[in-house]
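Bear in mind these aren't lab numbers, they're just calculated from the coordinates by the rules spelled out. Every value quoted in this text rests on a predicted model; they were computed, and no experiment measured them. Heads up, the Cβs are rebuilt from the backbone with ideal geometry, glycines too, and the neighbour counts pull from every protein chain shown.
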Ligand SMILES: Cc1cc2nc3c(=O)[nH]c(=O)nc-3n(C[C@H](O)[C@H](O)[C@H](O)COP(=O)(O)O)c2cc1C
């Protein structure tokens, strides 16, 4: 007798090794690395298809993707970045020491105008209750993040760079893109070919942050009483 939902695809060690390499070598790419070369339609389709196959709470698929190539639109978004980044510099000046402040000033944190394609990823809340989202209302938003990660990995497998820009005013972005009122901006992504991919995060190479090791973040069974803080 055949099972009702028959399918049991298996992968081999070569496939899992390839996936770990794609995960390990995925990078956030900024404007210092993007090339203007346009992305082929077939590659873009693969990237978007990866997004459409992401997991989502209650299979709600609460995502929408705005593809932006227009220079004038990108310029307006870049202006929002500049305004927000000036605010960030001001905020960080109260909490960072002088060396870190100087380092922050020198960081390239977006590639909006350098990348040939920008992707604004929106959360479209459901008007009906969603299976699985009744206790934790952010689950729809987290589902959209899963779609972003799928795209990031698929792009890397195609040797296409992707960078996430979060130093933006989401209301500005919504207005520029004429997004309906109920949509929420989850991610603003810069996408394009690169002159090179770094092997490690730029923020690690520039000694802004170090990678955490497993012992620092993996907890066996439960937190100890003295580690709640
Ligand atoms: C939610 C999120 C928001 C981010 N926002 C920015 C950003 O505004 N600017 C930037 O340069 N990088 C941004 N990044 C990229 C991170 O800095 C980067 O992922 C981290 O430094 C690790 O580097 P890697 O992605 O190359 O491994 C963001 C990443 C995530 C996941």
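Overview of values
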| quantity | calculated |
| --- | --- |
| Computed over the stretch 77-165, Kirkwood Rh from alpha-carbon pairs, angstrom | 16.2 |
| Two-site label geometry, residue 198 and residue 182: point separation in nm, points 7 Å out along Cα→Cβ | 4.1 |
| Extension gain, residue 159 back to residue 13 (0.36 nm per residue minus Cα-Cα distance, nm) | 50.4 nm |
| Range of Cα positions in the stretch 96-142 per principal axis (Å), largest first | 49, 33, 12 |
| Extended-chain gain in nm, criterion 0.36 nm per residue less alpha-carbon gap, residue 86 and residue 219 | 44.1 nm |
| Spatial separation of Cα centroids for the stretch 63-99 and the stretch 134-169, in angstrom | 18 |
| For 63, 164, order by how many other beta-carbon atoms lie within 10 Å, fewest first | 164, 63 |
| The stretch 139-229: Rg to Rh, with Rh as the Kirkwood radius over Cα pairs | 1.06 |
| Cβ-Cβ FRET estimate between residue 67 and residue 175, R0 fixed at 25 Å, reported to 0.05 | 0.90 |
| Extended-chain gain in nm, criterion 0.36 nm per residue less alpha-carbon gap, residue 101 and residue 207 | 36.8 nm |
| Computed over the stretch 1-95, Cα set: Rg, Dmax in Å | 20.5, 69 |
| Relative contact order of the stretch 27-217, pairs being alpha-carbon contacts under 8 Å that are 6 or more residues apart, as % | 39 |
| Semi-axis lengths (Å, descending) of the ellipsoid that matches the C-alpha gyration tensor of the stretch 27-217 | 27, 21, 19 |
